[in-house]
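Right, one structure below, let's go through it.
No value in this document is a laboratory result; all are computed from the given coordinates. No experiment lies behind these values; they were computed from the predicted model shown.
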Amino acid sequence: MSKKKETLYHIIFWILFIGMNELSKTITKENYSFSILQTIDYLPFALLQMLIFYANYLYVCPKTVPAKKWTILIVAQLGLVVAFAGIRYVIEEVVMYYITGYHNYADESRKLVFYVYDNSYFSVRILLYSLVFYFLKYAWQTTQQMSNLQLDKKQAELQALKNQLSPHFLFNTLNSFY
């Protein structure tokens, strides 16, 4: 798959992903009063999801899947879930609190275990998307490699037949002249 085509697929995915999030808010009638604070808060959240997606897609999967290191893949996925919650905590409960004076979570909900649990939905969802994207890309590349190997094999067989035919043809031609 060409880089251009892959980039286009990623752009379409992110447009659909963000659009589906907004559509689900509309369908479930989550009526938040729109404010600049929500826009400021949503942008880091979307960027964090992209960061986790591409950390998994570009670094973790290529190092573990082709080598079939499944245990390392699972441990890395769990690490990314915790990293997602930790980074989101810093953004929303430290930086945004410093800027706005408001916490996103209530006092009793700001404990690490609950925060990781509560954010696991978002992190697991984005990790699953990145795994699906990577496995589709990996399957496509593997299929392309198999097709190229089969083509190379057929060309080698044809060349071998040509090499077998040529000496006999030359010998018979020389024999006829003799």
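With the chain treated as a Gaussian network of Cα nodes joined by springs under 10 Å, which of I11, I126, I87 yields the largest mean-square fluctuation?
Greatest mean-square fluctuation among the candidates belongs to I11.
How big is the range 40-91 on each of its three principal axes, counting only the C-alpha atoms and giving the largest first in Å?
Taking max minus min along each principal axis of the Cα atoms, the range 40-91 gives 40, 17, 9 Å.
For the range 54-159, just run the numbers: alpha carbon Rg, then divide by 2.2 N^0.38 Å, N being how many residues it has.
Compactness ratio reported: 1.63.
When we measure straight from the Cα of K63, which lysines land under 22 angstrom away, once same-chain ones fewer than 8 places off are left out?
Within reach: K3, K137.
Would you mind calculating the relative contact order of the chain from Cα pairs under 8 angstrom and at least 6 residues apart, reporting the percent as a whole number?
The value is 26 percent.
Quick check on the chain: helices-only [θ] at 222 nm, where DSSP H runs of length 4 and up contribute -39,500 (n - 2.57) each and the sum goes over total residues. Nearest 500, please.
-27500 deg cm²/dmol
Say we join alpha carbon atoms closer than 10 Å with springs in a Gaussian network model of the chain; which of K153, K162, K111 then has the biggest fluctuation?
K162
Averaged over all directions, how much area does the convex hull of the C-alpha atoms of the chain cover when projected, in nm²?
16.1 nm²
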